[in-house]
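See structure below.
What follows draws every value from the coordinates through simple rules; no lab data is involved. Source: prediction; values computed, not measured. Ideal geometry is used to build each Cβ from the backbone, glycine not excepted, and the neighbour counts take in all protein chains shown.
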Amino acid sequence: NAGVTQTPKFRILKIGQSMTLQCAQDMNHNYMYWYRQDPGMGLKLIYYSVGAGITDKGEVPNGYNVSRSTTEDFPLRLELAAPSQTSVYFCASSYGGTAGYTFGSGTRLTVV
Amino acid sequence: GNSVTQMEGPVTLSEEAFLTINCTYTATGYPSLFWYVQYPGEGLQLLLKATKADDKGSNKGFEATYRKETTSFHLEKGSVQVSDSAVYFCALSDHNTNAGKSTFGDGTTLTVKP
């Protein structure tokens, strides 16, 4: 039972490069989320999805993009990486509001 | 909008001490409340939850009671262990209006010394 799988675990990008953070879940959850966690801070919502083909912006969407072509996958795209995007990124999924989230183990991204 | 305020850390306790981490919230609807735990280098794990007023969530010796009158959901444990050292996050989800989105507190770091 894999849960939520994120890849890669670590990545260093140069300013201006692009990359895709992968997220996959095997629990048939409709709801999926991307958060970033900055040191000593809580989690900030980047994008979320309530089902395949449906995505919406969270609190801090600038510089990111997402797609949801299947129930299982919810990749996060960074275009033109900037140092401000240095963070730990978490993907999460859920059945719905009362169930709580299942989190992936995170991707630690450094932009230099 | 919704918000969660947690007791500022870090918190350092000796093994077997009593733990309280305060959490208060502001929400427009009728939220569900959660505590998550994050061990070093890992993602967050759901620790416990409560979905309506006066519910008590419990797991692994941790407890929290949903207090609507004081808008609080304080985390408690009677006797902490070194293995409880982690970051604890309080969160709410206003599932009636917000597509299940959760709002998180800033986290409280707990260190338990032998």
* Asked: Rounded, prolate or oblate: which fits chain A when a ≥ b ≥ c are the square roots of the eigenvalues of the alpha-carbon gyration tensor, with rounded for a/c under 1.5 and prolate only if a/b beats b/c?
  -> prolate
* What are the semi-axes of the equivalent ellipsoid of chain B, taken as the square roots of 5 times the eigenvalues of the Cα gyration tensor, listed largest first and rounded to whole Å? -> 24, 14, 12
* To do: Report the GluC sites (Glu not before Pro) located in region A:29-99 that are in a DSSP loop and have at most 14 other Cβ atoms inside 10 Å of their Cβ, or state none.
  => A:E59, A:E79
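May I ask for the net charge around B:L75, where only other residues with Cβ less than 13 Å from the Cβ of B:L75 are counted and Lys, Arg are +1 while Asp, Glu are -1?
+2
Just counting partner chain Cβ atoms within 10 Å, what average do the residues of peptide B:35-43 show around their Cβ?
Values: counts 1, 5, 0, 5, 0, 0, 5, 4, 14.
Whole-number average of other-chain Cβ neighbours for B:35-43 is 4.
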* Structure fact -> Net charge near B:I21 (other residues with Cβ under 13 Å of its Cβ; Lys, Arg +1; Asp, Glu -1) is -4
* Tell me the label-point distance for the pair B:T71, A:A52, using the 7 Å Cα-to-Cβ offset, in nm and rounded to one decimal. => 4.1 nm
* For region A:1-59 versus region A:68-111, the gap between their alpha-carbon centres in whole angstrom -> 1 Å
* **Pairwise label distance in nanometres, B:L13 with A:D73, each label 7 Å out on the Cα-Cβ vector** => 4.5 nm
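Assuming 0.36 nm per residue, please report the length gained on full extension of the stretch A:T7 to A:T110 beyond their Cα-Cα distance.
35.6 nm
Can you flag which of A:K9/A:K44; A:K44/B:K49; A:K14/B:K49; B:K68/B:K101; A:K9/B:K68; A:K57/B:K56 are past 30 Å Cα-Cα? Write out the running numbers ahead of the final one.
Values: A:K9/A:K44 19 Å; A:K44/B:K49 20 Å; A:K14/B:K49 41 Å; B:K68/B:K101 20 Å; A:K9/B:K68 39 Å; A:K57/B:K56 33 Å.
Beyond 30 Å between Cα atoms: A:K14/B:K49; A:K9/B:K68; A:K57/B:K56.
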